[in-house]
Amino acid sequence: MNLELFFQRTEVLHKRLADLYQTATVLPWVPTEMLPQAFKELHQSSKTLQLAVEELYQQNEELIRTQNFLETERQRYQELFDLAPDAYLVTNASGTIHEANQMAAKVFNVSKQFLVGKPITNFVPIEERQQIRTEINRLSESDINTELLVRLQQRHGDTFNAGLTVATVRNQQGQVISLRWLVRNIAERQQLGSPETKSVSSIIRDRRIYKYSKGDNISLNPLQIFHVCRGWVKLSTFCETGEEVLIGLVGAGTIFGSSMTSLKIYQAIALSDVEIVSIHVSEIAASPHLSHNFLPKINQRLQQTESLLAISGKRQVQERLHYLLEFLKQEIGEPVPGGTRLGARLTHEDIASACCANRVTITRFLSKLKQQGLISFDAQKHMILKDLNGST
């Protein structure tokens, strides 16, 4: 029963009882048959009041039991949270800390009270805070746990490489209302055998996969190296005239990143549906195992860039095109009946940028090669190369 309604009814009952009493005592000339009626109403009202009181008492008892149960459960989960062996944080959707356990206070070398109300970015070196802000904004787009590799900084202490596993909590409307953070020191992962005993493929498999569609611009972060799991990525820059220059083609099993170049303008475009994972540069630096496995991949990227540079230095456009097609045949070619099929679809504009030529000239030379039967295209518009020796 609604308590406010109950008290209103009680007040009405008291008023009627007072009226009945006054009528019975002050007006002795009231007919005698009126008194039985009055006391009958009094009896019914009294029974109603008694039932209401009993119902209210039962509800109150049930409410007390429920409150005690909820408080016991809350206390139990609070103890599990506080005494967990790993550092846990709960923040709002923008990364401001609402809760922190004892291990989190130990990791950041501060009291729990000091952590509450502080943005998590306060514990990231200034030069890397934008990365965390960008990742927090991206969390609203994902329903799976996200793993971040960042440097964290203790209060009045040293920095350390940390792995952050972040889970999003949403309301019924699908809006992010809080973020739950698990914080681990990468050194602890190494002690457990993660980077040192696992293969690179198993490390990649445990990470969040970022998916891009053909034509998408892949967001680059100078603190991350990207490993391609599937598809092809075009790496390019722009010269002073505004023309695009091809500087690399990256396929499955290879890596790229803006930290691997000194170019001020550097972009990555998906040439097909692409799946990639990111690895923080600090994690690679901290793991001899990862560094050893990534060294050949970095060397491969260097060799590819040098090959494209050498092609651009050829004197004649037709000669540059010939060497580019031979380069593509080696880099992204796959044998098929009748020749070698290029795994990535390159536009005439892409080929022209790699040859330092205009698109019209490249289209004319490609048409000539097609007429000579040296190139053809399959149903998916992928180029198939025959033996180009002697075509120049």
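The values are calculated or read from the model by the stated rules, or taken from the named source; none is laboratory data. Note that the structure is predicted; figures quoted are calculated from it, not measured. No Cβ is skipped: glycine too gets one built from the backbone with ideal geometry, and neighbour counts run over all protein chains shown.
Some notes on this structure:
- Taken together, the residues in the stretch 144-184 that are acidic (D, E) and surrounded by fewer than 12 Cβ atoms within 10 Å (Cβ to Cβ) amount to 1.
- Of E283, E243, E306, all but one fail to be more than 20 Å from R230 (Cβ to Cβ), in contact (Cβ under 8 Å) with a residue 12 or more places away in the chain and surrounded by fewer than 17 Cβ atoms within 10 Å (Cβ to Cβ); the exception is E243.
- Selection status of A357, free of Cβ contacts under 8 Å to residues at least 12 places away in the same chain, surrounded by 16 or more Cβ atoms within 10 Å (Cβ to Cβ), closer than 25 Å to H382 by Cα and not assigned by TED's automatic domain parsing to the domain that holds G248: no
- Residue among V317, V274 that is within 28 Å of the chain's Cα centre (by Cα) and surrounded by 17 or more Cβ atoms within 10 Å (Cβ to Cβ): V274
- In the stretch 193-222, the residue that is farthest from R138 (Cα to Cα) out of those that are at pLDDT 70 or above, part of a loop (DSSP other than H, G, I, E, B) and under 16 Å from the mean Cα position of the chain (by Cα) is R207.
- Screening H98 on (1) over 27 Å from S278 (Cβ atoms); (2) free of Cβ contacts under 8 Å to residues at least 24 places away in the same chain shows it passes everything except condition (2).
- Considering the stretch 100-142, the residues that are in contact with a Leu (Cβ under 7 Å, 6 or more places away or on another chain) and not in a helix (DSSP H, G or I) include one that is nearest to N185 (Cα to Cα), namely V124.
- Taken residue by residue, the stretch 330-344 has at least one member that is loosely packed, with under 13 Cβ neighbours inside 10 Å, part of a strand (DSSP E or B), modelled with pLDDT of 85 or more and touching a Gly at 6+ places or on another chain (Cβ under 7 Å).
- Given (1) touching a Ser or Thr at 6+ places or on another chain (Cβ under 7 Å); (2) at pLDDT below 85, number of the condition E319 does not satisfy: (2)
- Qualifying residues in the stretch 360-383 (those that are of a type in the set (A, V, I, L, M, F, W, C) and touching a residue at least 12 places away in the same chain (Cβ under 8 Å)) - the one nearest to G333 (Cα to Cα): M383
- The residue pairs whose first member lies in the stretch 159-179 and is over 29 Å from S282 (Cα atoms) and assigned to a strand (DSSP E or B), whose second member is charged (D, E, K, R) and at pLDDT below 85, and whose beta carbons are closer than 9 Å, counting only pairs six or more residues apart or on different chains, are R170/D143.
- Set side by side, the residues L20, L51, L42, L13 differ, and just one is at pLDDT below 80, exposed (fewer than 14 other Cβ atoms within 10 Å of the Cβ) and farther than 30 Å from T134 by Cα, which is L51.
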